[in-house]
Structures are given as structure tokens and as C-alpha cells.
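The values are calculated or read from the model by the stated rules, or taken from the named source; none is laboratory data. These figures come from a predicted structure and were not determined experimentally. Because the Cβ atoms are built from the backbone with ideal geometry, glycine has one as well, and the counts that use them run over all protein chains shown. Only protein heavy atoms, including side chains, enter the accessible area calculation; ligands, DNA and RNA are left aside. Shrake-Rupley method; radii C 1.70, N 1.55, O 1.52, S 1.80 Å.
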Amino acid sequence: MTKEQTRTRILDAAESLFFTEGIAATGVDRVASAAGVSVVTLYAHTGSKDGLLAEVLQRRLDGWRAVWDEEVAAAPGPRERVLAVFDALAAFRARSSPTQWCSFLATASERPPARGEGEDRAGDLVDADTAGLVGRLRELAADVDPERAEEIADTVLLLYNGALASLLRGVPQDPAGRAAETARAALGWGREG
């Protein structure tokens with residue numbers, strides 16, 4: 001097995017365990033066992049449990065951004081580009097390993113806030129995910145209506161967060177689709193858009 005294959009197995013195992021059983025509840029020995037490597041090998045690849053978590057989050061953030069980019073690019077107009085965050089959520093969940101809900105919200109809920117930039121890579125990645133989400137939604141919303149950009153972005157963000165929470169609860173079915181329809185109604189956008 002190559003070094004990269006070993007690293008991928010470690011990250012896959014950590015991602016699955018951290019975001020189905022919990023970060024605090026999952027020890028590195030459990031991750032190493034699930035990956036089929038020794039704890040020494042795990043540490044050689046990631047340095048620490050915090051380093052492992054940061055690597056998993058970075059990979060998910062990169063994957064999320066790529067999927068969202070695809071969905072925005074495929075959207076036929078400005079309103080659809082704003083709402084593409086919901087298509088991206090559904091597409092990302094279909095392509096990635098199963099988790100209870102959002103890995104970034106799960107991390108934020110289990111860990112204290114970042115102490116300072118650079119001191120907590122996982123916390124910095126949670127902050128980067130939030131900043132990227134808010135910033136991009138506002139940018140996309142400005143293409144629809146510059147005067148309402150903040151309102152549009154905040155409405156979509158609130159519904160997006162609700163869709164993520166619905167994934168944890170398991171109801172309703174298709175939370176991303178329902179959130180998109182609710183956003184359309186809340187913003188006064190018809191289906192034709």
C-alpha cells in the first residue's frame with residue numbers, strides 16, 4: 001500500500017467515526033484499527049488527534065467547495081445560483097461518506113471556540129467554512145439584488161442551517177429540496193425564477 005493510500009484510509013476511517021460516533025468519543029486507537037494501521041502510523045501521517053481532525057475537515061471543505069462550484073456553474077440564472085447551495089448539499093451528501101449531519105457544525109458543537117488564528121487548525125477550518133458560506137451567499141445574492149443581498153443571503157443561510165439540522169434528526173425527507181422551496185417562497189421567487 002502506498003503512503004497516499006494509507007493516508008486516505010486513515011482519513012476515511014476518521015471521517016466516518018468522528019461524524020457518526022462523535023469526535024470526543026472516538027480515540028485514535030479506534031481510528032487506527034478501523035483504518036488497518038498502527039497508532040504510530042496514524043500519528044506519522046497526522047501528528048495528533050487534532051491534526052487528524054483538521055486533515056479530515058480540510059478534505060471535506062475542499063470537496064464541499066468543489067461540489068458547490070459545480071452546482072453554481074450549472075445554475076441557469078442568478079436566483080438559481082443562490083439556491084444552488086441546496087443542490088450542492090444534496091449532491092455532496094450523495095458523493096461523500098455518510099455522516100449524521102454537517103461535519104463543521106459537529107466539530108463546532110464538540111469543541112470550544114478557536115483561541116486564535118493558527119492555534120487551532122480545526123477551529124480555523126470551521127471558521128473558514130462559515131466565512132466562505134456567508135461570503136459566497138452574499139456575493140451570489142448581490143447578483144440578484146444588491147440592495148437585498150444581505151437579506152437574501154441570511155434567509156438562505158438560515159434555511160441551509162435548518163436543512164443541516166434536519167439531516168441530524170432524520171426528518172423531513174429531502175431537507176435540501178424543502179429548504180430550496182421554502183427559500184423561493186420566503187424570497188418571493190417563483191419556480192421560473
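Of all residue pairs spaced 6 or more apart or on separate chains, those with beta-carbon atoms under 7 Å, a first member in region 37-50 that is closer than 16 Å to M1 by Cα and a second member that is of a type in the set (S, T, Y) and part of a helix (DSSP H, G or I) are V37/T6; T41/T6; H45/T6. Evaluated against (1) in contact with an Asp or Glu (Cβ under 9 Å, 6 or more places away or on another chain); (2) closer than 26 Å to N161 by Cβ, V39 falls short on exactly one condition, (2).
Can you say whether L53 is surrounded by 13 or more Cβ atoms within 10 Å (Cβ to Cβ) and closer than 30 Å to G135 by Cβ, as far as the supplied structure shows?
Values: surrounded by 13 or more Cβ atoms within 10 Å (Cβ to Cβ): yes; closer than 30 Å to G135 by Cβ: yes.
Here the answer is yes, as L53 does meet what is asked.
As an exercise: evaluate P78 against (1) closer than 30 Å to E139 by Cα; (2) over 20 Å from the mean Cα position of the chain (by Cα); (3) surrounded by 16 or more Cβ atoms within 10 Å (Cβ to Cβ) and give the number of the one condition it does not meet. Tallying (1) closer than 30 Å to E139 by Cα; (2) over 20 Å from the mean Cα position of the chain (by Cα); (3) surrounded by 16 or more Cβ atoms within 10 Å (Cβ to Cβ), P78 fails exactly one: (3).
Checking the conditions here, which among A153, A128, A165 is at pLDDT 95 or above and within 24 Å of R60 (Cβ to Cβ)? Before you say what the answer is, go through the steps one by one.
Working: A128 fails: at pLDDT 95 or above; A165 fails: at pLDDT 95 or above.
Exactly one residue qualifies, and that residue is A153.
Scanning region 128-147 finds one or more residues that are without any contact (Cβ under 8 Å) to a residue 40 or more places away in the chain, over 29 Å from I10 (Cα atoms), among the aliphatic types (A, V, I, L, M) and part of a helix (DSSP H, G or I).
Just the residues that are open to solvent by 40 Å² or more (accessible area, probe 1.4 Å) and either part of a loop (DSSP other than H, G, I, E, B) or closer than 16 Å to A90 by Cα (or both), please, taken from region 171-193.
From region 171-193, those open to solvent by 40 Å² or more (accessible area, probe 1.4 Å) are 171-174, 178, 181-182, 185-186, 188, 191-192; that's our starting set.
Passing the criteria: V171, P172, Q173, D174, R178, E181, T182, G188, R191, E192.
Restricting attention to region 163-183, the residues being among the acidic types (D, E) and touching a residue at least 24 places away in the same chain (Cβ under 8 Å) number 1.
How many residues are touching a helix residue (DSSP H, G or I) at 6+ places or on another chain (Cβ under 7 Å) and open to solvent by 30 Å² or more (accessible area, probe 1.4 Å) when one looks only at region 17-36? Steps first, please.
Our first condition is that a residue be touching a helix residue (DSSP H, G or I) at 6+ places or on another chain (Cβ under 7 Å); within region 17-36, this holds for 17-19, 22-24, 26, 28-32, 34-36.
Add one more test, that the residue is open to solvent by 30 Å² or more (accessible area, probe 1.4 Å), and what stays is 24, 29-30, 34, 36.
Qualifying residue count, region 17-36: 5.
When W101 is tested against (1) of a type in the set (F, W, Y); (2) modelled with pLDDT of 95 or more; (3) under 30 Å from R148 (Cβ atoms), only condition (2) is not met.
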